[in-house]
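Structure first, commentary second.
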Amino acid sequence: MPLMDDKTREDVRNLLSDLTGPVKLLMFTQEFECQYCRETHQIIEEVAELSDKVTVEIRDFVEDEALAKELNIDKIPAIAVLGENDTDYGIRFFGIPSGYEFMSLLEAIKLVSKGELQLTDETKAFLDSLEGPLHLQVFVTPTCPYCPRAVMLAHQLAYASDKVRGDMIEANEYPHLAMRYQVMGVPRTVINEEAFVEGAVPEHMLLHKLQEAVA
C-alpha cells in the first residue's frame, strides 16, 4: 500500500520537476530490518518514482560495513544524499524522514541536485576558514513543525563545505542518543559533541554558536 496519496504524489512531482542534476539516495538497512527500515525504504522508493533525476541504492549495514564506515554511517535506517558521480556532501538522515521531516528530505534532494545555497556571505566566509571537521547532529521528531528549518540549515552548511557533516536524527528511534545529548525538546542541534543549540534558530545565531565551538 503506497504511503503517499495521489495529492501528495502530485505535489512531490511538482516540487521535484525542476531538478537539474542526478541525486542518489543511498540507504543502509539490514536483513533483519530495524524499526522503520521498511517504511524508510518505501518512502524513498516512492519519491524516486516521481523524478527521473532521483535513484535509490540499498546497502546492507553488516555486509557493506566498509562503505558504512567510509560514509560515517553508524546506525540504521540511514540515508546519505549523494550527487553526481556519487559525490558525498555529508548530508545524512538517521531515522525515518516522515511527518514534517519529509520536507527536509525533499529539500535535501533539491539542494544536491540544483546546488542553490541560501547562506550569507558571513557564513560562507566562516566555512571557508574552517581548519577541522564540524559535525552537526540535529535531533528531531516527525511531529515538530520547527525541526525542518534546523535540519535544512545544517544540510546547507554541509553542502557548502567538505569539512561539515549535517545529520538529521529522529530522537524517538535513538533514545540512547537522545539521553546522551540530553534532548529534552526538539530541534536540538549538537555541535562537535560539546556545544548545543536549542530550537530552530536563525542562521546568524547558529553561526555565532559555531564560531564559539571551533574557537
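Suppose the filter is surrounded by fewer than 21 Cβ atoms within 10 Å (Cβ to Cβ) and either assigned by TED's automatic domain parsing to the domain that holds D162 or under 23 Å from L177 (Cα atoms) (or both); does V62 pass it? Against the criterion (surrounded by fewer than 21 Cβ atoms within 10 Å (Cβ to Cβ) and either assigned by TED's automatic domain parsing to the domain that holds D162 or under 23 Å from L177 (Cα atoms) (or both)), V62 qualifies.
Which of the following residues is of a type in the set (K, R) and in contact (Cβ under 8 Å) with a residue 12 or more places away in the chain: K69, K110?
Details: K69 fails: in contact (Cβ under 8 Å) with a residue 12 or more places away in the chain.
When all the criteria are applied, what remains is K110.
Just one of the numbered conditions (1) touching a residue at least 24 places away in the same chain (Cβ under 8 Å); (2) more than 15 Å from R165 (Cα to Cα) is not true of V81: (2).
Could you identify the single residue in V201, V151 that is within 17 Å of I96 (Cβ to Cβ) and not small (G, A, S)?
On the way: V201 fails: within 17 Å of I96 (Cβ to Cβ).
Checking each option against the conditions leaves just V151.
Here is the figure for segment 1-41: residues that are in a helix (DSSP H, G or I) and either among the aliphatic types (A, V, I, L, M) or over 17 Å from the mean Cα position of the chain (by Cα) (or both) total 11.
Do any helices (runs of 4 or more DSSP H) lying entirely in segment 112-215 carry at least 1 residues that are at pLDDT below 95, and which ones are they?
Details: elements: 121-129, 147-160, 175-180, 203-214.
Fully inside segment 112-215 and qualifying: 203-214.
Tallying residues that are out of contact with any helix residue (DSSP H, G or I) (no Cβ under 6 Å at 6 or more places or on another chain) and of a type in the set (V, I, T) within segment 190-215 yields 3.
The values are calculated or read from the model by the stated rules, or taken from the named source; none is laboratory data. Values in this document were obtained by computation on a predicted structure and should not be read as measured data. Neighbour counts are summed over all protein chains in view; Cβ atoms, including those assigned to glycine, are modelled from backbone coordinates with ideal geometry.
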